[in-house]
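The structure appears right after this line, and notes come after that.
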Amino acid sequence: MTTRELQEYWRGEKCYWKHVKLLFEIASARIEERHVSKFVMYQIVVIQTGSFDSNKAILERRYSDFETLQKNLLKAFPEEIEDIVFPKKHLLGNFTEEMISERKLAFKEYLGLLYSIRCVRRSRQFIDFLTRPELREAFGCLRAGQYAKALDILLRVVPLQEKLTAHCPLLQVPALCAVLLCHRDLERPLEAFAAGERALQCLHARESHRYYAPLLDAMIGLAYALGKDFVVLQERLEESQLQKPSSLTLKELTVREYLS
């Protein structure tokens, strides 16, 4: 890299590393009854503080989801979260209005305290709790060819994933590539190209990354369809293929994500 390219790279890195502050609210709760189970579903609203957030995230989790998060975090960060109180499960009274209101406040405080701990908010366990169920559903729809449904979910979860993973933009690449594929297969090449550009920015010219060459190849096809200049993309792809050949297409690679 030239000196100028190196300077631009580090400027970009500093922007990505800037900490995004998030606020967690438990907006509502409802009782769900299924064939052999009954549980409370809590609606979590995640908002970026300090400015108007047009992309606030709304997701739903049940008590057992919070419980799994707590168990996973205790394994990974026993000392860091030893003083954080987790709302206990009761044998009776879990579905009373009083208990549900108490839990709403407790889970709001719980998420806020977890987020205040740097190593926890950056952990895979915490990020997965807030994003993985939606991403798994979206990628499942992508594999099934349900592109409109997959895109609808992705456009709701990707902004939250970006806020949670600003310290490591590479984690955003699979979801952004999924957005590209959905737009492309829905014949929206301009939107697909924009998603691809965001994914390339996250990759930061990491030629060895498994997504780098397949993404460039997809971007070349989109650039050609849009009448854009693709010479630079072609040169980057050829250089990358010399170092690490890739036989998978972007779609073949992306649909393998979130299988488990």
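The values are calculated or read from the model by the stated rules, or taken from the named source; none is laboratory data. All figures in this text were calculated on a predicted structure; none of them were measured in a lab. For neighbour counting, all protein chains shown are included, and Cβ atoms are generated from backbone atoms with ideal geometry for every residue, glycine included. For the accessible areas, the whole protein counts, side chains as well, though only heavy atoms, and no ligand, DNA or RNA atoms are used. Shrake-Rupley method; radii C 1.70, N 1.55, O 1.52, S 1.80 Å.
Details
- The chain: angle of helix 173-185 to the longest principal axis, Cα-based, in degrees nearest 10: 70 degrees
- With Cα atoms, 0 to 90° folded angle of helix 189-203 axis to the chain main axis: 80 degrees
- Within the chain, the longest run free of exposed loop sites, counting GluC sites (Glu not before Pro) that sit outside DSSP helix and strand states (H, G, I, E, B) and have at most 10 other Cβ atoms within 10 Å, spans 83-186.
- Sulfur and carbon atoms: percent of accessible area, the chain [1.4 Å]: 52 percent
- Solvent-accessible heavy-atom area per residue, rounded to whole Å², over the chain at 1.4 Å: 57 Å²
- Net charge, Ser28 excluded, C-beta distance under 10 Å - Lys, Arg +1, Asp, Glu -1: 0
- Too-long pairs where the Cα-Cα distance tops 21 Å, listed order kept, from Lys56/Lys89; Lys56/Lys108; Lys71/Lys108; Lys71/Lys104; Lys88/Lys108: Lys56/Lys89
- Cleavage-rule hits (trypsin sites (Lys or Arg not before Pro)) in region 17-107: DSSP loop, at most 14 neighbouring Cβ within 10 angstrom: Lys18, Lys21, Arg34, Lys88, Lys89
- Rolling a 1.4 Å probe over the protein chains gives His90 an accessible area of about 80 Å².
- Separation of the Arg34 and Glu187 label points, Cα + 7 Å toward Cβ, nm: 3.8 nm
- The charge dipole of region 23-137, taken about its Cα centre with unit charges on the Cβ of Lys, Arg, Asp and Glu (plus for the first two, minus for the last two), comes to roughly 300 debye.
- Tilt relative to the chain, helix 231-243 - C-alpha long axis, 0 to 90 degrees, to 10: 80 degrees
- Of interest is the spacing of the C-alpha centroids, which for region 192-260 and region 143-159 amounts to 20 Å.
- Hull shadow area, averaged, region 200-251 [alpha-carbon convex hull, nm²]: 3.5 nm²
- Placing pseudo-labels 7 Å out from each Cα toward the beta carbon at Glu109 and Asn72 gives an inter-label distance of 2.5 nm.
- In the structure shown, the pairs Lys21/Lys251; Lys149/Lys244; Lys228/Lys251 are assessed against 31 Å; a Cα-Cα span above that value is assigned to Lys21/Lys251; Lys149/Lys244.
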